[in-house]
Amino acid sequence: MPLDAIAAYLNFDMVGRMQDNKLTVQATGTSPAWAQDPRAGEHRGRLRPRRAGGSVSADRRGDVQPGERAVACSFFTGTHADYHKPSDTADKIDYEDLDRVVDFAAAIVRRLEDADRGAGVHEGRAADCRPAAAAPACAIFTGTIPDYSTEVKGLLLGGVVGGGPAEQAGLQKGDVIVEIAGQTIANIYDYTYALDVLKIGQPAKVVYMREGKKHETMLTPAARK
């Protein structure tokens, strides 16, 4: 489908296990339309939407990449201890919260439809909303569980995979990674790109903050199974 026929692209990635009523809406920098207050969708109960700026193309490994050239946003309720594990089973989904996320997004879709098939949505689209370079599949496994819902300078860990490289390196929930393998980490995107310089089985220095103090450790990446 030609992009000029698309008013907007909405992506839903991990929205079934909400925590503290927090819903992160990522890639809102792709259009000024997302800067509008979307609280019309909160009619089904308490919901705390948080807009995260940036473009879709910034996350070149993400599920939103197919829509990288369109005005887009991505809905996300955060990582958890079962992230990318077989233990993330259907019985742990909070269906009432999932229903509220759907209602919230549906209200946004209706608003876009009312704006004459998205008229004005594309105007002022962020300049960095452009195709990203193709990236190879990531075979590196670090065992980190990023916290995408909190804005800090660095990569805030929402947890670590038990027995994984991060846990073996002494990293834990609440740590903020600020450097890895000589690469400064200011956000999740810096961390994603830094993975390209890591090699399976070769230790890399990780600098992180814990309770306001800077620490260093060596993390040995493993192959993703």
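Given the condition out of contact with any strand residue (DSSP E or B) (no Cβ under 9 Å at 6 or more places or on another chain), modelled with pLDDT under 80 and not aliphatic (A, V, I, L, M), answer yes or no: does some residue in segment 135-148 qualify? Looking through segment 135-148, at least one residue is out of contact with any strand residue (DSSP E or B) (no Cβ under 9 Å at 6 or more places or on another chain), modelled with pLDDT under 80 and not aliphatic (A, V, I, L, M).
As a summary of the residue check, VAL207 satisfies the conditions (1) at pLDDT below 95; (2) of a type outside the set (D, E, K, R); (3) more than 12 Å from PRO165 (Cα to Cα) except for the one numbered (1). Number of residues in segment 167-206 that are closer than 26 Å to LYS225 by Cα and not in a loop (DSSP other than H, G, I, E, B): the value is 20. Could you list, in sequence order, all residues of segment 139-185 that are among the acidic types (Asp, Glu) and farther than 19 Å from GLN19 by Cβ? Answer for segment 139-185, where residues must be among the acidic types (Asp, Glu) and farther than 19 Å from GLN19 by Cβ: GLU167, GLU179. Which residues, taken from segment 136-180, are among the small types (Gly, Ala, Ser) and in contact with a Leu (Cβ under 6 Å, 6 or more places away or on another chain)? Correct list: ALA169 only.
Considering only residues in segment 149-166 that are part of a loop (DSSP other than H, G, I, E, B) and not β-branched (Val, Ile, Thr), the one that is modelled with the lowest pLDDT turns out to be SER149.
The values are calculated or read from the model by the stated rules, or taken from the named source; none is laboratory data. The shown structure was predicted, so the numbers you read here are calculated from the model rather than taken from an experiment. Glycine gets a Cβ as well: all are built from the backbone with ideal geometry, and neighbour counts include every protein chain shown.
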